[in-house]
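Encoded as structure tokens, the structure appears first; notes follow it.
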Amino acid sequence: MRLILLGPPGAGKGTQSARLREKYNIPQLATGDMLRAAVKAGTPVGLKAKAIMDAGGLVSDDIVVGIVADRIEEADAHNGFILDGFPRTVKQAEALTEMLHQKQMDLDAVIELVVDENALLSRIEKRAQETIAAGGTVRADDNPETFKNRLETYRAQTAPVSSYYRGVEVLKTVDGMAEIDDVTAAIENILQVKV
Ligand code: ADP
């Protein structure tokens, strides 16, 4: 099962990916998590990425495509994967198409979580509060000011990725405003038709 989840920041891609990962026993490849790990470890990629991420911009396509290309070579991704947060630009989508073509791999589904933009900021604020309550550290970009930039970045650079997939694959949409369980059920319905 090779799946891409699309949607703006706060749409619920991470929540749904975690559930699908369990069900299908495939890894969730979240570029945001990979980049945050690189920042934490202070790797050269992390050093380049930090300021961009903190400002709500996008890390360069070359870096992110390189990370994903390496990651899908790993053994646990041979049976499939869920891409969460990638591709985030049409360039990345084109690079992924090429990458999969070379490996003779097909995508099973591209699913977009459609959400009301007005709900996103309060979801992010809730996530920050829950993180604090659990004793964790809030992401540097989970604050209202940076969120505005993330949303602008999404509109300008990532929303066109949906149109890209509408052209080359069947893009499915799911109502991301529904209850978490209902969103999962809707995604599973789409995937069952494919399996
Ligand atoms: P969100 O919760 O907003 O979807 P992520 O955790 O996926 O955020 O990503 C956090 C940040 O990491 C992004 O704002 C961006 O700076 C960087 N990032 C993640 N994935 C990509 C990507 N595919 N291309 C470029 N930058 C990325």
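The values are calculated or read from the model by the stated rules, or taken from the named source; none is laboratory data. The model shown is predicted, which means the values in this text are computed figures rather than measured ones. Here the Cβ is made from the backbone with ideal geometry for all residues, glycine too, and neighbour counts use every protein chain on show. Quick note on the areas: whole protein, heavy atoms, side chains included, nothing else; ligands and nucleic acids left out. Shrake-Rupley method; radii C 1.70, N 1.55, O 1.52, S 1.80 Å.
In table form, for the structure just shown:
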read-out: Summed residue charge, Cβ within 15 Å of PRO160's Cβ, Lys/Arg positive, Asp/Glu negative; value: -1
read-out: Long-range HN-HN contacts of LEU83 with modeled amide H, under 5 Å; value: LEU3, ILE4, LEU5, LEU29
read-out: Apportionment of accessible area to carbon and sulfur, the range 2-194, percent (1.4 Å); value: 50 percent
read-out: Residues listed by number, the range 69-95, amide nitrogen under 13 Å from VAL168 label point at 7 Å toward C-beta; value: 87-95
read-out: Charge sum, other residues only, whose C-beta stays under 12 Å from GLY32's C-beta, Lys/Arg counted +1 and Asp/Glu -1; value: +1
read-out: Residue-count net charge about VAL45 - beta-carbon cut-off 14 Å; Lys, Arg +1, Asp, Glu -1; value: +1
read-out: Residue-wise HN-Hα coupling along the range 167-178, computed from phi with Karplus coefficients 6.51, -1.76, 1.60 (Hz; x: Gly, Pro); value: x, 9, 9, 8, 8, 9, 10, 10, 6, x, 8, 6
read-out: Long-range lysine pairs (8 or more apart or interchain), the chain, Cα under 22 Å; value: 20
read-out: Relative contact order (%) - the chain, alpha-carbon pairs under 8 angstrom, separation at least six; value: 33 percent
read-out: Residue of VAL110, VAL65, VAL170 that the Gaussian network model of the chain assigns the largest fluctuation, springs spanning Cα pairs under 10 Å; value: VAL170
read-out: Rounded to the nearest 20 debye, dipole of the chain from Cβ charges on Lys, Arg, Asp, Glu; value: 280 debye
read-out: Value of [θ]222 nm, deg cm²/dmol, for the chain, DSSP H segments ≥ 4, -39500 (n - 2.57) each, nearest 500; value: -18000 deg cm²/dmol
read-out: Relative contact order, percent, the range 1-49 [alpha-carbon distance under 8 Å, six or more residues apart]; value: 20 percent
read-out: Of ALA134, ALA178, ALA18, the one that fluctuates the most in a GNM where the chain has Cα springs shorter than 10 Å; value: ALA134
read-out: Solvent exposure of the chain as accessible area per residue, Å², 1.4 Å probe; value: 52 Å²
read-out: Sequence-distant residues sharing a close amide H with GLU112 (under 5 Å, placed H); value: LEU6, LYS172, THR173, VAL174
read-out: Using θ = phi - 60° and Karplus 6.51 cos²θ - 1.76 cosθ + 1.60, couplings along the range 24-30 (whole Hz; Gly, Pro as x); value: 9, 6, 10, x, 9, 9, 9
read-out: Rounded to whole Hz, the Karplus (6.51, -1.76, 1.60) HN-Hα couplings of the range 143-152, x for glycine and proline; value: 9, x, 5, 5, 4, 4, 5, 4, 5, 5
read-out: Gaussian network model of the chain, springs between alpha carbon atoms under 10 Å - residue of ALA75, ALA30, ALA95 with greatest fluctuation; value: ALA75
read-out: Extension gain from GLU94 to GLN192, taking 0.36 nm per residue of separation minus the Cα-Cα distance; value: 32.6 nm
